Every structure is written in structure tokens, then in C-alpha cells.
Amino acid sequence: MERPIRILIAEGDIHFIEMIKESLRVLDDPYQIETVSSGEECLKRLQEEDFDLLLLDQMLSDGSGLEWLRRFNGLGIGIPTIFVTVQGDSKVALEAMKEGVFDYINRSPECAKAFPFVANRALQGFHLMLEKVRLQKELIETKNFLESIVEKAGDAISVVDLEGRVLYWNEGAERIYGYRKEEVLGQKVSEFLYPKDKKLKEEEERLMKELMARVLKGEVIPNVEVRRQTKEGREIITNMTLSPLRDAEGRIIGVTRICKDVTQMKRAEERLLLTERLTSLGELTAGVAHELRNPLAGIKINTQILLRRKDLSETERRLLESTEEGIEKIQKIVEDMLHFAKPKPAEFREAQINSLLEDSLNMLQTKFKKANIALEFLKEEGLPKVWIDVHQIQQALINLILNAIQAMERGGRLTLRTFLDGERVGVEVKDTGVGISPSHLKRIFDPFFTTKSEGTGLGLSITLKIIEAHGGSIDVQSEEGVGSTFTIYLPVRREDGV
Ligand SMILES: Nc1ncnc2c1ncn2[C@@H]1O[C@H](COP(=O)(O)OP(=O)(O)O)[C@@H](O)[C@H]1O
Ligand SMILES: [Mg+2]
């Protein structure tokens with residue numbers, strides 16, 4: 001059987017109580033009624049037991065019902081309450097309503113008759129209210145839950161409006177792009193997140209325009225690769241998924257963008273591709289270079305024999321000398337190619353990177369003077385030793401320094417810096433030269449890529465190969481018209497000799 005509805009009546013008028021009881025008797029619903037005549041008792045019973053409904057009269061033996069009502073509220077007693085007033089006292093009724101009673105009735109026979117309906121309405125209202133509070137709480141919890149997932153997600157999650165202005169920016173976005181929420185809310189993404197390079201920027205703008213148009217028609221677009229620039233000016237590649245954001249009526253009001261930083265992964269992929277290309281190219285090059293070496297040596301000796309003759313005219317001598325020069329140039333290239341393809345077996349030993357750099361600088365001293373280049377060497381003292389093939393590393397460093405010199409035809413400043421970076425020793429070669437355009441930057445490590453009329457395009461590919469054979473890595477940063485910085489990292493020799 002259903003639990004009876006428990007009603008507490010705080011009422012001094014016995015007649016009225018009887019009328020109320022009478023009105024309930026005609027109903028099928030089981031009611032359980034308890035009466036008290038004072039506020040004090042009423043409070044005691046409310047604290048002792050659970051009632052479903054309170055009928056509270058304004059006239060109690062120990063004060064006004066309104067005062068007691070305020071006291072119950074102050075104590076946090078939440079029970080649906082119906083207030084009883086003397087006929088016509090609407091001021092008190094209003095006050096009671098303000099205190100949160102569900103309804104009020106007059107202390108009259110008509111009202112007593114209507115009590116079951118009033119009671120029912122109050123009970124239902126109360127349950128609805130409880131349900132509403134519960135739903136609201138649930139909604140807030142769900143909202144907080146979802147917000148914290150989105151906020152703390154490792155990926156960059158942002159929302160832009162139809163014009164591309166940022167509406168939302170999570171912590172992942174702050175971390176990946178370096179911009180804080182406050183800096184970007186309301187800003188157009190295209191104004192701060194696209195690459196600086198004009199051509200790349202235009203490409204991005206075109207791509208995003210196209211994608212946005214599709215999303216605004218309702219499409220979800222997964223995994224598009226886009227280039228972005230971080231606040232510090234670093235270029236990164238992100239993998240982006242776009243989806244439309246709709247309001248309650250289903251209208252599209254913006255675009256949600258989830259982005260993963262895939263720069264490292266892309267770099268690794270590119271390196272792997274390059275290594276593969278280098279290997280196959282290396283084999284080819286080795287073959288060609290080898291075939292060229294002997295005939296070249298023959299031509300050179302023949303030229304030298306001819307040059308020894310006493311009866312040469314001045315013109316003949318000049319022609320032969322220029323031939324010899326040409327041969328030597330070709331021989332140098334062939335040697336480079338051979339080295340690139342089949343470097344000599346490495347001879348590793350312990351070495352100090354600072355002294356190695358000093359030796360290399362000494363070798364190039366006259367070149368600096370001629371080119372009007374100021375030299376600065378910022379060396380960190382007490383660096384741990386590195387385990388290297390001294391000749392190879394020297395070759396790598398000289399390649400970088402020569403490139404720097406060649407980039408500063410009108411003079412400039414070359415800064416070398418050594419430093420410790422965790423388990424690695426770093427060497428930075430920084431110039432104030434012409435810089436490298438973003439489209440060239442991708443290709444400078446490719447063998448035979450050169451922008452110089454006299455270049456072989458092998459310097460950097462050999463350098464990269466050497467550094468990677470040492471378990472190290474190389475980084476480039478460059479801005480056209482400002483200069484370039486190449487940084488080599490070499491692993492420190494550990495105690496166990498690895
Ligand atoms: N420090 C630098 N400043 C500007 N451009 C550079 C620098 N280093 C390398 N480069 C670019 O990279 C290309 C390839 O370099 P490299 O492999 O050494 O070949 P090469 O020096 O024979 O051209 C160069 O032609 C040049 O365009
Ligand atoms: Mg070079």
C-alpha cells in the first residue's frame with residue numbers, strides 16, 4: 001500500500017481543524033494528520049520527523065505564524081507549506097508568499113472544503129520544484145564535466161564565430177599556440193595565427209575560406225593539415241578537424257576546431273624520406289663519382305705534362321692552366337660526392353667542442369677578414385666532452401660557417417655559441433645574412449640543392465649525414481633579410497662510454 005501523506009497542522013482553532021479533517025475524509029487518498037497548536041511544538045515535530053505538508057496558521061499560541069515561518073526557513077526546514085490567514089488579511093498572506101509558502105487559504109468553511117485541492121497542488125508543485133532543482137544540478141554538473149574535458153584536453157580546441165572571431169580557446173590552444181585566452185577572445189584567427197610569409201599566408205587563407213564555407217553548410221571535415229605560427233614565431237603544422245556549432249534551434253552559429261600539433265611527427269617523416277632519398281642517391285652518386293675519378297686524374301696528369309713543355313706560346317699556356325684549374329674544381333666536387341656517398345669509416349674519440357671550434361675558426365681567419373665579418377664566439381666553459389669523429393664534425397662545422405660567410409656578402413656578424421642542453425652539447429652558428437625563404441628552407445638539406453652559381457649543394461646534406469651518424473640533430477631558424485641560425489646538438493659522452 002502507498003505510504004500515507006503526512007500533514008502537520010499548526011492551528012489553534014479546533015473547529016477549523018475539524019473542517020479540514022472532514023474535507024479529507026471524503027477522498028480515497030490516505031492521509032495521516034497530526035495537529036499542534038504552538039510554533040514551538042510545530043518546530044519540534046518538524047525536526048523529529050518527515051512530513052509531506054505543513055498547514056500553518058498565522059495565529060499560534062506562541063506568536064505569529066509568519067514569525068515562525070521565518071524561523072523555520074532560517075533553520076533550513078524545507079517543507080511545502082500552506083498558510084492560513086484570517087479572512088481578508090492579504091498583507092500577511094503576501095508576506096508569507098514571499099517567505100516561500102506554496103499557497104494560502106482563509107480560515108473559513110469554504111476554504112477548508114477546498115483544502116484537498118490546495119494541498120494536492122502544493123504537493124505537486126513541491127515535487128516539480130525538487131525535480132527542477134535536481135535537473136538543474138545535473139545540468140550544471142554535466143556542463144562542468146564537459147567543460148573540464150574540453151578545457152583540459154591535450155589538443156587545441158577553439159570555437160570561432162561566422163566571421164572567424166575566437167569565441168572559445170582552451171588550455172591546449174594556449175599551450176600549442178602560446179597565446180592566452182585573454183589575448184585572442186574576439187580576435188580574428190587569420191590576424192594572428194597564420195604564417196608570416198606572404199605566400200604561405202595567402203595559401204592558408206584560401207584553404208580556410210574554402211573549409212569554413214563547407215562547414216557552414218553543415219559538413220564535418222576531419223584531419224586537414226594546416227600551417228600555423230605560434231606567438232614566439234615558430235612555425236607548426238597542425239592536424240585540424242572542423243565541425244559546425246549549432247544553437248538550440250539547429251542554426252549554425254560557429255565552427256569548432258580541434259587541432260593536434262603534428263610538427264614533430266611531420267619532421268620525423270620528412271627526415272626519414274630524406275634519409276631514404278640520400279641513401280639511394282648516395283649509391284648512384286658513388287658510382288658516377290668513382291667512374292669520373294680515374295679519367296679525371298689522367299686528364300690532369302696529361303695537362304701537367306703538357307704544361308712542362310718549354311715551347312708553349314703564352315696563349316697555349318693560359319689555356320692549359322685554365323684547364324688544370326677547371327679539372328681541380330671538378331675533382332673537388334667529385335671528392336665531395338664520394339664523401340657524401342661513402343664517408344670514410346668514422347674514428348671516434350673524446351673531444352672538447354670548444355677547442356675544435358677554435359681550430360676551425362683559425363683555419364678560416366683570412367676569409368672573415370676579407371669578407372668584412374665581425375666574429376663573436378660565446379663559449380660555455382666546462383662543457384662535458386663529446387664522443388665524435390673530429391674530422392667529420394670539423395667538416396660539418398666548417399660547412400655551416402662557410403655557408404654563413406657566403407650569406408653575408410656585404411659583411412655582417414657571425415656568432416658562434418656553445419651550450420649545454422640536458423644530455424646534449426649544442427653549437428649555434430648564427431649569421432646576419434640574407435636568410436632563407438620558407439620554401440627553400442624545406443630543401444636546403446637535399447643533396448645538390450643550391451642557390452649559388454658556384455655551389456654544389458652538398459654541404460648541408462653531408463653535414464646532416466655526419467650529425468645524424470653521431471646520434472645528434474640539427475635545427476634551422478631563418479628569416480629572410482635578417483639572418484639564419486643553425487644549431488647542432490651532439491650527445492654528451494656518458495660514463496659508460498656509450
Ligand atoms: N647560412 C645560410 N644563409 C642563407 N642561406 C643558406 C645558409 N646556409 C645554407 N643556405 C642555403 O642552402 C643552400 C644549400 O647549402 P649547401 O648544402 O651548403 O650547398 P651550397 O653551399 O653549395 O649551396 C644554399 O645554396 C643556400 O641557399
Ligand atoms: Mg655550402
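The values are calculated or read from the model by the stated rules, or taken from the named source; none is laboratory data. Everything quoted here is computed from the prediction, not taken from an experiment. FYI the Cβ positions are ideal-geometry reconstructions off the backbone, even for glycines, and counts take in every protein chain you see. All accessible areas refer to the heavy atoms of the entire protein, side chains included, with ligands and DNA or RNA removed. Shrake-Rupley method; radii C 1.70, N 1.55, O 1.52, S 1.80 Å.
Scanning residues 5 or more positions from D389 or on other chains, those with amide H under 5 Å from its amide H are R349, with H placed 1.01 Å from N in the peptide plane. Taking all protein chains into account, the per residue accessible area for the chain stands at 58 Å² (1.4 Å probe).
Can you figure out the FRET efficiency of I33 with F192, using R₀ = 56 Å and their beta-carbon distance, to the nearest 0.05?
0.20
Contour minus end-to-end for L162 and I149, with contour as 0.36 nm per residue of separation and end-to-end as the Cα-Cα distance?
2.2 nm
Split the accessible area of the chain by element, probe 1.4 Å, and carbon with sulfur accounts for 53%. Angle of helix 198-216 to the longest C-alpha principal axis of the chain, folded into 0 to 90 degrees and rounded to 10: 30°. Residues whose amide H comes within less than 5 Å of that of L458, counting only those at least five positions distant or on another chain, are F448 (H built at 1.01 Å from N in the peptide plane). Remark: segment 137-144, residue by residue, has Karplus-estimated 3J(HN,Hα) of 4, 4, 4, 5, 4, 4, 4, 4 Hz, where x stands for each Gly or Pro and the curve is 6.51 cos²θ - 1.76 cosθ + 1.60 at θ = phi - 60°. Treating r as the C-beta distance of R309 and F368 and R0 as 60 Å, the FRET efficiency rounds to 0.90. In the chain, if the dipole is taken from +1 on Lys/Arg beta carbons and -1 on Asp/Glu beta carbons about the Cα centre, which of I462, T285, L211 is farthest to the positive end? It is T285.
Could you tell me the ratio Rg/Rh of segment 153-261? Both radii from Cα atoms, Rh via Kirkwood. With Rh from the inverse mean 1/r over Cα pairs, Rg/Rh is 0.94. Rounded to the nearest 0.05, what FRET efficiency do K91 and R6 have when you use their Cβ-Cβ distance and R0 = 25 Å? Computed FRET efficiency for K91 and R6: 0.25. Compute the acute angle (0 to 90°) between the alpha-carbon long axis of helix 65-74 and the principal axis of greatest extent of the alpha-carbon atoms of the chain; round to the nearest 10°. Between the helix axis and the principal axis of the chain, the angle is about 30 degrees. Each Cα pair under 8 Å and six or more residues apart adds its separation to the average, and for the chain the resulting relative contact order is 7 percent.
Pairs with C-alpha atoms separated by more than 26 Å, drawn from the list K260/K465; K329/K452; K188/K217; K198/K367, are K260/K465; K198/K367.
Simple spin-label estimate for T230 and E347 gives 4.2 nm between the two label positions (7 Å along the Cα-to-Cβ direction from each Cα).
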